[in-house]
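Here's the structure, in structure tokens; my notes come after.
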Amino acid sequence: MHAFDYKSPEVLAEALQQLADSDGSAKPLAGGTDLIDQMRTGRHQPTLVIDIKKVAELNVLECAGDGLHVGAATPCYRICGDDNVQQDYTALADACNIIGGVQIQSRASVGGNLCNSGPAGDSIPAMIALRGICVIAGSAGTREVPVAEFCTGPGQNVLADNELLVEIRFPPRPTASGSHYRRMIPRNEMDIAVVGVGASVTLNEAGTTITDACIGLGAVGPTPLLAARAGECLVGQTVSDATLANAVEAAKEIISPITDMRGTQEYRVHVTGVLVRRVLETAISRATGDPCVVRPGH
Amino acid sequence: MSNKRVVTATINEETAEFLCEPRQTLLEVLRDSLNLTGTKEGCSNGNCGACTVIMNGHAVVSCLVLGVEAEGAEIQTIEGVSCDGSLNEVQSAFLEGAALQCGICTPGFIMQTEALLAEKSNPTEDDIRFYLAGNLCRCTGYDKIVRAVMAAAEQRQVTTG
Ligand SMILES: Cc1cc2nc3c(=O)[nH]c(=O)nc-3n(C[C@H](O)[C@H](O)[C@H](O)COP(=O)(O)OP(=O)(O)OC[C@H]3O[C@@H](n4cnc5c(N)ncnc54)[C@H](O)[C@@H]3O)c2cc1C
Ligand code: FES
Ligand code: FES
């Protein structure tokens with residue numbers, strides 16, 4: 001690995017100052033499960049690595065009246081082990097439970113997953129579905145960007161060189177709502193998504209009509225996608241096969257998958273349809289109170 | 001540019017102080033500076049699990065940890081699992097169950113098994129296969145390894161009551 005300097009600030013302002021002082025030649029380090037390998041292969045050669053894990057704001061995991069706050073550096077094992085996340089933000093727990101293996105989850109953060117901005121990053125469609133908002137801090141203050149607008153291309157996002165992702169905030173879970181994230185991979189575990197789908201659904205009191213839905217798609221375009229029309233076309237509809245079929249078609253319309261060793265374009269389009277339906281079905285069941293425990297690999 | 005710094009960590013319950021450059025991984029430090037060569041290097045990109053150690057109670061791949069990140073950490077490596085010079089339940093079960101051939105993956109599997117048993121003393125086959133998914137073995141195949149982990153869990157329950 002190339003030589004670089006290392007700092008591990010404990011205060012957010014200090015981390016931001018170090019970032020600003022380095023004029024784009026520094027890289028934040030959270031769990032390092034992307035960055036360390038990218039430095040080893042020479043893809044990134046920062047002169048300074050700023051370990052942001054000791055900054056308190058980046059390590060929160062808190063469910064309060066205003067919703068859920070997930071610090072950008074909070075590792076996956078804490079997120080998927082958290083009762084509130086499992087119960088009320090289940091799609092996020094589903095995603096954190098399948099990122100890498102146990103060793104990767106000990107370190108990998110959703111902030112790193114998002115900032116790495118891979119089209120197949122598993123937490124991203126889940127966070128889009130849960131309507132996550134990125135809280136970003138820079139020398140000029142803080143700003144907020146929806147997760148759905150954060151990634152701008154493969155490996156690219158809205159962050160300026162002097163900005164840090166501080167946390168991702170999620171609105172309180174509506175009553176009678178449920179969510180799910182699932183991906184298709186050829187192996188049981190430890191692989192990159194061929195397609196990933198996250199969805200959240202809210203039902204009316206009777207549990208018969210969809211009052212709100214949001215769908216995120218991964219690995220089917222240059223960035224993870226918000227399938228806006230697919231979600232909107234479910235609103236006001238009764239839960240039925242025909243209703244879900246409309247969402248499936250609307251989701252397929254916005255994707256532009258590539259052909260690679262994991263699957264052809266045609267296959268990815270088909271799998272998107274299958275997954276959108278299954279993920280919606282699970283989110284709907286969860287909205288009615290059925291926990292639908294998902295065991296990875298099954 | 002050499003910007004070595006002193007890092008202090010607890011390794012296998014003893015205080016260890018070492019000099020390391022920020023660019024060195026924990027795996028390099030363990031093997032090359034501390035002579036703890038039981039931790040193996042397979043892929044050096046996080047995929048094979050051969051370099052698994054337990055850091056602050058959690059299994060991590062040491063090839064994706066910087067040595068400088070170990071400051072103040074508590075680390076357990078394969079050298080720290082035996083009891084007073086004799087093999088512990090997990091090591092014995094791997095040996096008796098022929099759960100290794102070339103053995104390069106074994107220290108990683110054993111550390112990962114230790115992490116699993118600390119979390120779940122009586123894992124199902126499913127639990128084991130999920131928990132060990134980040135460890136690859138090119139020669140033995142996984143069935144014997146899974147059976148060894150089950151045997152180790154059973155034996156440990158007998159020993160610890
Ligand atoms: C074996 C293996 C398996 C994997 N499996 C999966 C998988 O199944 N699914 C999946 O989605 N990913 C997977 N990954 C990729 C990786 O683990 C994830 O993307 C992880 O979430 C990255 O988080 P991190 O904390 O390790 O990020 P880091 O490596 O620390 O950082 C990633 C990038 O984000 C930047 N960054 C980090 N935090 C911030 C911040 N707060 N503000 C600004 N920039 C920041 C860093 O500078 C770097 O460029 C795998 C990786 C490995 C090695
Ligand atoms: S050498 Fe670290 S995971 Fe393979
Ligand atoms: S025994 Fe050779 S790789 Fe596992």
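The values are calculated or read from the model by the stated rules, or taken from the named source; none is laboratory data. Fair warning: this is a prediction, and the values are worked out from it, not measured in the lab. Because the Cβ atoms are built from the backbone with ideal geometry, glycine has one as well, and the counts that use them run over all protein chains shown. Keep in mind that these areas ignore ligands, DNA and RNA; they rest on the heavy atoms of the full protein, side chains included. Shrake-Rupley method; radii C 1.70, N 1.55, O 1.52, S 1.80 Å.
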Measuring from label point to label point, each 7 Å out along Cα→Cβ, what is the A:A64 to A:D241 span in nm? 4.8
In nm, spacing of pseudo-spin labels at B:Q155 and B:E13 (7 Å Cα→C-beta vector): 1.9
Convex hull of Cα atoms in segment A:58-170, direction-averaged projection (nm²): 6.4
Show me, for segment A:46-56, the HN-Hα J-couplings you get by feeding each phi into the Karplus relation (A = 6.51, B = -1.76, C = 1.60, θ = phi - 60°), rounded to Hz, glycine and proline as x. x, 8, 9, 10, 9, 6, 9, 5, 8, 7, 4
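Send over a whole-number figure in Å² for the accessible area per residue of segment A:69-227, probe 1.4 Å.
Values: 5130 Å² over 159 residues.
Per residue, segment A:69-227 has 32 Å² of solvent-accessible surface.
Averaged over peptide B:48-55, how many Cβ atoms belonging to another chain are found within 10 Å of each residue's Cβ?
Average per residue, whole number: 2.
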Taking Lys and Arg as +1 and Asp and Glu as -1, residues besides B:T37 with C-beta under 14 Å from its C-beta add up to -2
Note: segment A:5-51, point scatterers on Cα, Debye, no solvent; log10 I/I(0) at q = 0.18 Å⁻¹ equals -0.50
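Can you give the net charge of the other residues whose Cβ lies under 14 Å from the Cβ of B:K4, counting K and R as +1 and D and E as -1? Walk me through the intermediate numbers first.
Working: positive: B:R5, B:R23; negative: A:D5, B:E17, B:E21, B:E28, B:D32, B:E71.
My count for the surroundings of B:K4 gives -4.
One quarter of the convex hull surface, Cα atoms only: what value does that give for segment A:177-288 in nm²?
Mean shadow area of the hull around the Cα atoms is 6.4 nm².
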Taking every pair of alpha-carbon atoms in the protein assembly as shown, what share in percent sits in each 20 Å bin, from 0 to the bin with the longest distance? 25, 54, 21, 1
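Other chains near B:114-120: what is the mean number of their Cβ atoms within 10 Å of each residue's Cβ?
Details: counts 0, 3, 1, 0, 0, 1, 0.
For this peptide, the per-residue mean of nearby foreign Cβ atoms is 1.
Which of rounded, prolate, oblate describes segment A:1-97, given a ≥ b ≥ c as roots of the alpha-carbon gyration tensor eigenvalues and a/c under 1.5 marking rounded, otherwise prolate only if a/b is larger than b/c?
Values: a/c = 3.39, a/b = 1.74, b/c = 1.95.
In terms of gyration-tensor shape, oblate.
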Given a Förster distance of 56 angstrom, what is the FRET efficiency for B:L95 paired with A:A228, based on the Cβ-Cβ distance and rounded to 0.05? 0.45
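Taking trypsin sites (Lys or Arg not before Pro) that fall in a DSSP loop and have at most 15 other Cβ atoms within 10 Å as cut points, what is the longest piece of chain B between them? Walk me through the intermediate numbers first.
Details: sites that count: B:K4, B:K120, B:R138.
Longest stretch, sites excluded: B:5-119.
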What is the spin-label model distance, in nm, from A:D23 to A:E10 if the labels are put 7 Å beyond Cα along the C-beta direction? 3.1
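Longest span of chain A, sites excluded, free of GluC sites (Glu not before Pro) in DSSP loop with at most 13 other C-beta atoms within 10 Å? Can you show the working numbers first?
On the way: sites that count: A:E10, A:E205.
Here the longest run is A:11-204.
Please get the size of the charge dipole for segment A:140-210, origin at its Cα centre, with Cβ charges of +1 on Lys and Arg and -1 on Asp and Glu, quoted in debye to the nearest 20.
Details: 6 positive and 8 negative charges, 53 e Å.
Using only the charged Cβ atoms, the result is roughly 260 debye.
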Along the charge dipole of segment B:58-156, Cβ charges K/R +1 and D/E -1, which of B:C139, B:S82, B:N122 sits furthest on the positive end? B:C139
Looking only at other chains, what is the average number of their beta-carbon atoms within 10 angstrom of each beta-carbon in A:42-54? 1
Computed FRET value (nearest 0.05) for B:E71 with B:D143, which takes r as the C-beta separation and R₀ as 45 Å: 0.65
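Calculate the FRET efficiency for B:D127 and A:T152 from the Cβ-Cβ distance with a Förster distance of 41 Å, rounded to the nearest 0.05. Kindly include the intermediate steps, with their values, before the conclusion.
On the way: r = 40 Å, r/R0 = 0.97.
E between B:D127 and A:T152, to the nearest 0.05, is 0.55.
For n ≥ 4 DSSP H runs only, could you compute -39500 (n - 2.57) per run for chain A, divide by its residues and tell me the 222 nm figure to the nearest 500? Please list the in-between numbers first.
On the way: 11 runs with 93 residues, N = 298.
Taking each H run of at least 4 residues, the total per residue is -8500 deg cm²/dmol.
Would you calculate, for chain B, the mean residue ellipticity at 222 nm contributed by helices, counting each DSSP H stretch of 4 or more residues as -39,500 (n - 2.57) and dividing by all residues, to the nearest 500?
Working: 4 runs with 47 residues, N = 161.
Roughly -9000 deg cm²/dmol at 222 nm, from the helical runs in chain B.
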When the Cα centres of segment B:110-138 and segment A:180-252 are compared, how far apart do they sit, in Å? 32
For segment B:89-160, the Debye formula with one identical point scatterer on each Cα and no solvent gives log10 I(q)/I(0) at q = 0.14, 0.18, 0.25 Å⁻¹ as -0.34, -0.58, -1.16
By residue number, which cysteines of chain A lack any other Cys whose Cβ falls under 4.7 Å from their Cβ? A:C63, A:C115, A:C134, A:C151, A:C214, A:C233, A:C292
Summed side-chain charge close to B:I78 - residues other than B:I78 whose Cβ falls under 10 Å, Lys, Arg +1, Asp, Glu -1: -1
If every Lys and Arg gets +1 and every Asp and Glu gets -1 at its Cβ, then about the Cα centre chain A yields a dipole, in debye to the nearest 20, of 660
